[in-house]
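Reading through the structure tokens given below for one structure.
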Amino acid sequence: MSQSDTFFDYKHIWHPYASMINPIPCYTVISAKGVYLKLKNGKNIIDGMSSWWSAIHGYNHPILNKALKKQMRKMSHVMFGGITHPSAIALCRRLIALTPEKLDCVFLSDSGSVAIEVAIKMLIQYWQSLGQKRKLFLTIRNGYHGDTFAAMSVSDPDNSLHKIYNDLLPKNLFADAPVSSFYKDWNNSDVISFKKIIEKNSLKIAGVILEPIVQGVGGMNFYHPTYLQKIKILCDHYSIPVIFDEIATGFGRTGKIFAFEHANVVPDILCLGKSITGGTITLAATLSSRHIADTISKSKAGCFMHGPTYMGNPLACAVANANIKLLKTNQWKIQVSNIEKQLFKNLLPLRNHPYVIDVRILGAIGVVECLYSVNMCLIQKFFVENGVWIRPFKKLIYIVPPYTISYNALKKLINVIKKALNKTELFNFNATHV
Ligand SMILES: Cc1ncc(COP(=O)(O)O)c(C=O)c1O
């Protein structure tokens, strides 16, 4: 007897962070257009997640689709070892033009986590080339940089998805996360923990890695730009290179093309991913300074030791080019600013709700931190029944909608969050800490 597709999926397919014995139900999406996801039952729901921060121009975008088709007619893939192609060259030119002058060399890879692995490996090789065995990375608590091993080793060791692997991970250094928030006054004591660690270990640290301004999965906190400035001064003082992970925040999400622009500081290595292709195909990039690239290349190895099979995939590069061309029209600035204004007007008042601890807004990111953790299964069902796609975690209900969302569609997302807050059965009352 053949299984229904839903049952087959339930029985045989892993989903992210899901159990194979008792998975939370999945909703079948059969197509997507603009800000709508169309479910198997024909219902259109408004997407508040941009498929985890990636579909910034909405789905099925004609310009992105056209770029894909045009590239497909030429070739979908070709190896990048010993071969190059026009779409990769055009993309790397664009990435270099879009980022600060210091970032001059581009390594293309498959996903955000891999871009982080690449950045970390680059710095290990960089120090080897300089005749030093440095392998420690310094970061801050509540960070998240991906699910592969090096990425896990710089993500929060306690409050994280990865705690169970701690014994296997390289031991890195974790400073306290800053508490001065983006919109409040700067408190100089925020930097004390980081300063102490860097002073003590400066000759052992290979690099510092941070999500600039927005700590995503680690709590959706927006920290003060002065923190980044202070960190960069300390790192420069000890000649320690800095990696900024803009995988979630890059390409306009916070109201600037890159979140580090809020602080006016430039990293030595920059990791990009997610919305680089406008949410169409997986692609990531690690950009480094010429100095780092040259130092690695002068090493005994003579090259950087990494080379994924699908590196520089032409389809992904072509659509990333179209995505950046779309961003260059600067529509995103108006769109993100309008979203931010509306979030301040309609989402911020939820702060006064008795089950809400805080509401945080930056650019096209709106976060409601609740007093209780959500019941994932029930709240997901509630959202879908009410015509929206929002995927909260722990105590955080957050939205990162496509920049193209209309006023009314965003209003609906916010109204449904409001409605959810009044349904006590959607929250776990006896588990305030998760
Ligand atoms: C800041 C940050 N870095 C890295 C990653 C990992 O990216 P990917 O899921 O593409 O491997 C994520 C994913 O959510 C992220 O938010």
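The values are calculated or read from the model by the stated rules, or taken from the named source; none is laboratory data. Remember, predicted model here, so these are calculated numbers, not experimental data. Please note: Cβ atoms are built from the backbone with ideal geometry, for glycine as well, and neighbour counts cover all protein chains shown.
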Problem set entry | Among the residues listed as Gly143, Gly255, Gly207, the single one being within 29 Å of Pro402 (Cα to Cα), under 23 Å from the mean Cα position of the chain (by Cα) and away from the ligand (no atom under 15 Å from the Cβ) | Gly255
Exercise. Mind checking which residues of the range 363-393 are at positive phi and surrounded by fewer than 18 Cβ atoms within 10 Å (Cβ to Cβ)?
Worked result: Gly387
Exercise. Among the listed residues Ile24, Ile46, which satisfies the condition of being surrounded by 13 or more Cβ atoms within 10 Å (Cβ to Cβ) and either outside any loop (DSSP other than H, G, I, E, B) or within 16 Å of the ligand (Cβ to nearest atom) (or both)?
Worked result: Ile46
Seminar exercise, completed: Of the candidates Ile120, Ile116, the one satisfying the condition of being in contact with a strand residue (DSSP E or B) (Cβ under 9 Å, 6 or more places away or on another chain), more than 10 Å from the ligand (Cβ to nearest atom) and among the β-branched types (Val, Ile, Thr) is Ile120
Seminar exercise, completed: Of the residues in the range 148-165, those that are within 11 Å of the ligand (Cβ to nearest atom) and either modelled with pLDDT of 95 or more or in a helix (DSSP H, G or I) (or both) come to Thr148, Ala151, Met152, Val154, Ser155
Exercise. What residue, among those in the range 258-282 that are within 15 Å of the ligand (Cβ to nearest atom) and in a loop (DSSP other than H, G, I, E, B), is nearest to Gln125 (Cα to Cα)?
Worked result: Pro267
For this session: Could you run through the range 98-113 and say how many residues are assigned to a loop (DSSP other than H, G, I, E, B), closer than 20 Å to Leu210 by Cβ and either within 15 Å of the ligand (Cβ to nearest atom) or within 18 Å of the chain's Cα centre (by Cα) (or both)?
Result: 2
Problem set entry | Checklist (1) modelled with pLDDT of 95 or more; (2) farther than 28 Å from Asn323 by Cβ applied to Phe429, failing item | (1)
Problem set entry | Any pair with Cβ under 7 angstrom, 6 or more apart, that starts in the range 112-141 at a residue that is more than 25 Å from Pro178 (Cβ to Cβ) and of a type in the set (Asp, Glu) and ends at one that is part of a helix (DSSP H, G or I) and within 13 Å of the ligand (Cβ to nearest atom) | Glu117/Ala150; Glu117/Ala151
For this session: Read through the list (1) in contact with a Leu (Cβ under 9 Å, 6 or more places away or on another chain); (2) under 30 Å from Ile397 (Cβ atoms); (3) crowded, with 18+ Cβ neighbours inside 10 Å, then give the number of the only condition that Ser109 fails.
Result: (2)
For this session: Answer yes or no as to whether Ile357 is more than 20 Å from Ala248 (Cα to Cα), in contact (Cβ under 8 Å) with a residue 12 or more places away in the chain, part of a strand (DSSP E or B) and not assigned by TED's automatic domain parsing to the domain that holds Gln215.
Result: yes
For this session: Considering every residue within the range 166-173, establish whether at least one is more than 15 Å from the ligand (Cβ to nearest atom), among the polar types (S, T, N, Q) and crowded, with 19+ Cβ neighbours inside 10 Å.
Result: yes
Problem set entry | Positions within the range 215-249 being of a type in the set (D, E, K, R) and within 15 Å of the ligand (Cβ to nearest atom), in sequence order | Asp245, Glu246
Problem set entry | Exclusive hit being of a type outside the set (Gly, Ala, Ser), touching a helix residue (DSSP H, G or I) at 6+ places or on another chain (Cβ under 9 Å), more than 19 Å from Val400 (Cα to Cα) and part of a helix (DSSP H, G or I), set Leu327, Leu378 | Leu378
